[in-house]
Amino acid sequence: MDLPRTPSFRLDGKRALVTGASSGIGLGAAVALAEVGAHVVCAARGMDRLTEAVAAMTKASMSAEALPLDVASFEECRAACAGAPFDVVVNAAGLARHSAALETRPEDYDAVMGVNLRGAYFLSTEAARAMLAAGQGGSIIHISSQMAHVGGIDRAVYCASKHGLEGMIKSMAIEWGSAGIRINSICPTFIRTPLTEQTFDDPDKVKWIEDKIKLGRVGEVEDIMGAVVYLAGDASAMVTGTSLLVDGGWTAE
């Protein structure tokens, strides 16, 4: 009897682009991909932290390089994806400006949408354009949010950007599936990162979060890293146009 074999989670010889890679979930994604053999181009706006992160990865015998990139810039997204195609693209760049809906300023709306939706859109198209030109498939992964599936206090703009992202992903999966290009999202619950420190400093918000997460704790960056590796490689070869919820049960009810 020929037994089935578990697909490899290794990414040896693969090239990956990770945006928002200077800290938090983006850095976790970059490390996760490098640990399974990929060469990772780590991209972010702030070069100081990015250079420090890449230096730490290189010191730990990981293959990585730094690239300054603002995903809100179409021109920079196009330039980053020009040339040899990436096998894996993880977009972890994101922006949140929370307020009550009636207090939302147009400039805040535009800033959030510019990164979370417009930036994600054109990073995806430029990455896929290079893959199609080379006649190869690939995996595009967006770090979305549980808020792409529910609503949240003071999060109308943020939720709008993430709900829109999910619809975008489904449509692109339909367009590019026949070419072997997969596109999915990871939807985390609240994760402890430098960007969420302000939320965790508010006892009322911490209680709201802990009451919603059925596993009884907030997430850590390490909780997302396995999901990134899974969606990046052959283990998820039949997965596209969907979201992987890593939310501790938040959306179960």
Of all residues making up segment 127-178, the number that are under 21 Å from Y230 (Cβ atoms) and acidic (D, E): 1
Flag for V71 being β-branched (V, I, T), touching a helix residue (DSSP H, G or I) at 6+ places or on another chain (Cβ under 7 Å) and closer than 30 Å to I153 by Cα: yes
Residue, surrounded by the fewest Cβ atoms within 10 Å (Cβ to Cβ), within segment 164-189, restricted to residues that are assigned to a helix (DSSP H, G or I) and in contact with a His (Cβ under 8 Å, 6 or more places away or on another chain): E166
So T51, is it free of Cβ contacts under 8 Å to residues at least 40 places away in the same chain, in a helix (DSSP H, G or I), surrounded by 15 or more Cβ atoms within 10 Å (Cβ to Cβ) and polar (S, T, N, Q): yes
Candidates A79, A93 - the one that is assigned to a loop (DSSP other than H, G, I, E, B) and either on the phi < 0 side of the Ramachandran plot or of a type in the set (D, E) (or both): A93
Segment 243-253, residues that are surrounded by fewer than 20 Cβ atoms within 10 Å (Cβ to Cβ), of a type outside the set (A, V, I, L, M, F, W, C) and either touching a residue at least 60 places away in the same chain (Cβ under 8 Å) or part of a helix (DSSP H, G or I) (or both): T251
Residue within segment 104-127 that is assigned to a strand (DSSP E or B), of a type in the set (A, V, I, L, M), under 18 Å from the mean Cα position of the chain (by Cα) and buried (at least 19 other Cβ atoms within 10 Å of the Cβ) present: no
When residues of segment 148-171 are limited to those that are of a type in the set (S, T, Y) and touching a residue at least 24 places away in the same chain (Cβ under 8 Å), the one nearest to A127 (Cα to Cα): S161
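All of the numbers you see were taken from the coordinates with simple rules; none came from a lab. Model, not experiment: these values are computed from the prediction. Cβ: placed from backbone, ideal geometry, glycine included. Neighbour counts: every protein chain shown.
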